[in-house]
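The values are calculated or read from the model by the stated rules, or taken from the named source; none is laboratory data. Source: prediction; values computed, not measured. Cβ coordinates were reconstructed from backbone atoms using ideal geometry, including for glycine residues, and neighbour counts include every protein chain displayed. The protein model used for the area step is the full one, side chains on, heavy atoms only, and it has no ligands, DNA or RNA in it. Shrake-Rupley method; radii C 1.70, N 1.55, O 1.52, S 1.80 Å.
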Amino acid sequence: MSDKRDTKQPPAQAPQDTQPPQALIDFMMSGWKPASRRPAPKVKGLPRFLARRKALSVRFPGETLVIPTGHEKVRSNDCTYIFRPGTPFYFLTGNKEPDCVLLLVPAGKGHRAVLFVEPEVDRSTPAFFTDRARGALWVGPRLGLAGSKSRYGVEEAAGLPQLPEVLSELAKSGAPYRVLRSFSPQVDEALPSQDPEKDKQLSVALAELRLYKDAVDFAAIEEAVLSTKRALEDALLVMKTAQSERELESAFDARARAEGDGVGFATIAACGADATVLHWTRNDGKIDRKKLLLLDVGVEGHELYTADVSRTFPVSGKFSKEQREIYDLIIAAQDAAIAATKVGNDFVEPHRAASKVLAEGLERLGILKEKASESLREDRQTYKRYTLHNTSHMLGMDVHDCVGVNYRPGKLEVGMVLTIEPGLYFQENDLTVPARYRGIGIRVEEDVAVTARGPRVLTAAIPRRSKDIEAWIAKIWKSRR
């Protein structure tokens, strides 16, 4: 691994920068208040991060584990996107700084944690004001080595400039190692895979550890849900006069950024037929007072747990007869799916329950031209023309959490959190659908925890039934005149 920075990372200087004269350097290097010598405070929840590292250590005795967080991504030239740490790295450390790498190095019967971080680019070097990528006056102070060791409870903190040599020695040593791939091109290059299957097992193990949440995790998701509710209320207030979907997106995203780390995924604000496009994120459509507005949204909290909530609103404040028929059918399907979210059930049982209700409703409304029982057969699945997606995915620090774990054929277990999101989507040009329903797209999504006492709806604070949706809109419009 070369010591030079990845060319796709932000540069230390930009074309518009000029070299400072020595007089300016001398002036900038003096006259500052001494830095505080207080130790950095411990990261919130440090015992949990220590326990997670220990749990991972137990799975891979005697092997070095390499977990990078990733790097800032260049948006254009010297401008970057806001950095979001790699989920596995954050899960093990609580560290949100870019470029860092965690090494779990075999020691005794377990591992010692070595955290590679950016050394503090402080006022001991001119780089604190000349380096736009790492200088404290450009990007803010970093913890550095001593601060990181104290804050994250690692046995050792080392500087990123040392990392290439450490990885080179590891590669040459022949000692067993596993790498979390695709987060850092430099790390991937420095440590050729000893066995791709072994690297995959590390990734899967990290996902499996996140699969089971506890009461603290539930609370973090519920906190994100409550923030999501407030952001939805901001968007609903805007809906009263909005002309564009983007006005609602902006209202939601502003609250997400103010109260959390931002949105957990790109906000979907889809009015009318735009809602029949499942991942509509352009949000450039016009608002039609006679149509429905689908918002699929989630605030990501400061501990990186995200909510994932879908609600569909009548822009006028009242559902039409046809809109209510479809909406209430989806709620009935959702009720059946939530009831099936029980310990011991197959992961797909909530989907089966929702699909049965949807297919029977489609038959009853004259949309499905064959018997629901026929449509639901594995060799037919014709009802999916109108629903398209399955009902659930895992939720946690990633909106589609624990990817890599093959949970679909498995059983629901205590601590899992999944979404329950049935939907129906009738395309404007679908001649199999009665004209009165064409262009309607509705999705309602709850976040549900699997507990020993049955399903726990983490999104229960957000209204979802049609009459409650109408009352919610009316309350917001009245109270915020």
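What does the charge add up to near VAL179, with Lys and Arg as +1, Asp and Glu as -1, over the other residues with Cβ less than 14 Å from its Cβ? For residues surrounding VAL179, the net value is -2. Using the Cβ-Cβ distance between LYS200 and SER173 with R0 set to 25 Å, the FRET efficiency from 1/(1 + (r/R0)^6) comes to roughly 0.65. Please say if the range 80-134 is rounded, prolate or oblate, where rounded means a/c under 1.5 for a ≥ b ≥ c the square roots of the C-alpha gyration tensor eigenvalues, and otherwise the choice is prolate for a/b larger than b/c and oblate otherwise? Oblate, because a/c is 1.5 or more while a/b does not exceed b/c. Accessible surface computed residue by residue for the range 246-331, with neighbouring protein chains in place and a 1.4 Å probe, gives 37 Å² per residue.
Using 0.36 nm per residue, how much length does the chain from VAL58 to LYS478 gain when fully extended, once their Cα-Cα distance is taken away? Could the numbers behind the result be given before it?
Values: separation 420, 0.36 × 420 = 151.20 nm, distance 5.69 nm.
Computed gain between VAL58 and LYS478 is 145.5 nm.
Counting only Cβ charges, +1 for Lys and Arg and -1 for Asp and Glu, the dipole size of the range 1-112 around its Cα centre is about 920 debye.
Can you give the FRET efficiency for GLU189 and ILE82, using 1/(1 + (r/R0)^6), R0 = 30 Å, r = Cβ-Cβ distance, to the nearest 0.05? List each step's numbers first, then the result.
Values: r = 26 Å, r/R0 = 0.86.
Given R0 = 30 Å and the Cβ-Cβ separation, E is 0.70.
Among the complete DSSP H segments of the chain, which ones combine at least 18 Å of alpha-carbon extent along their axis with a mean Kyte-Doolittle hydropathy of -0.5 or more? Answer set is 46-59, 196-211, 215-239, 321-339, 466-479. Charge tally around PRO15: other residues with Cβ under 14 Å, Lys/Arg +1 each, Asp/Glu -1 each, net -1. Per-residue ellipticity at 222 nm from helix content only, as computed over the chain with -39500 (n - 2.57) for each DSSP H run of at least four residues, stands at -11000 deg cm²/dmol. Quick check: at a probe of 1.4 Å, how many percent of the accessible area of the chain sits on carbon and sulfur atoms? The nonpolar share, carbon plus sulfur, comes to 54 percent. For ARG142, the residues whose modelled amide H falls within less than 5 Å of its own, excluding neighbours fewer than 5 places apart on the same chain, are VAL121. Taking a ≥ b ≥ c as the square roots of the eigenvalues of the Cα gyration tensor, the range 357-448 is classed as prolate, since a/c reaches at least 1.5 and a/b is larger than b/c.
Going 7 Å from the Cα of THR241 in the Cα-to-Cβ direction, what parts of the range 303-320 have a backbone nitrogen less than 19 Å from that spot? Within reach of a label on THR241, which here means backbone N under 19 Å from a point 7 Å along Cα→Cβ, the range 303-320 contributes 315-317.
If I take R0 = 60 Å and measure r between the Cβ atoms of ASN345 and GLN19 in this structure, what FRET efficiency does the formula 1/(1 + (r/R0)^6) give, to the nearest 0.05? The partial results should precede the final answer.
Values: r = 66 Å, r/R0 = 1.11.
E(calc), rounded to 0.05, equals 0.35.
The range 277-321 and the range 114-160 have Cα centres separated by 41 Å. Simple rule: put +1 on each Lys or Arg Cβ and -1 on each Asp or Glu Cβ in the range 346-481, find the dipole, and look at ALA461, VAL417, ALA449; the Cα lying farthest toward the positive end is ALA461.
Under a Cβ-only charge scheme (Lys and Arg +1, Asp and Glu -1), can you give me the dipole magnitude of the range 239-331 about the Cα centre, in debye to the nearest 20?
Details: 13 positive and 16 negative charges, 123 e Å.
Computed about the Cα centre, the dipole is about 600 debye.
What dipole magnitude, in Debye to the nearest 20, does the range 154-271 give about its Cα centre under +1 on Lys/Arg Cβ and -1 on Asp/Glu Cβ? Don't skip to the end; give the middle numbers.
Values: 13 positive and 22 negative charges, 58 e Å.
Charge dipole, the range 154-271, about its Cα centre: 280 debye, nearest 20.
Given the choices [x] 34, 31, 21; [y] 46, 28, 20; [z] 38, 26, 21, semi-axes √(5λ) of the Cα gyration tensor in Å derived from the coordinates of this structure is entry [y]. Considering only alpha-carbon pairs that sit under 8 angstrom and 6 or more positions apart, the relative contact order computed for the chain is 12 percent.
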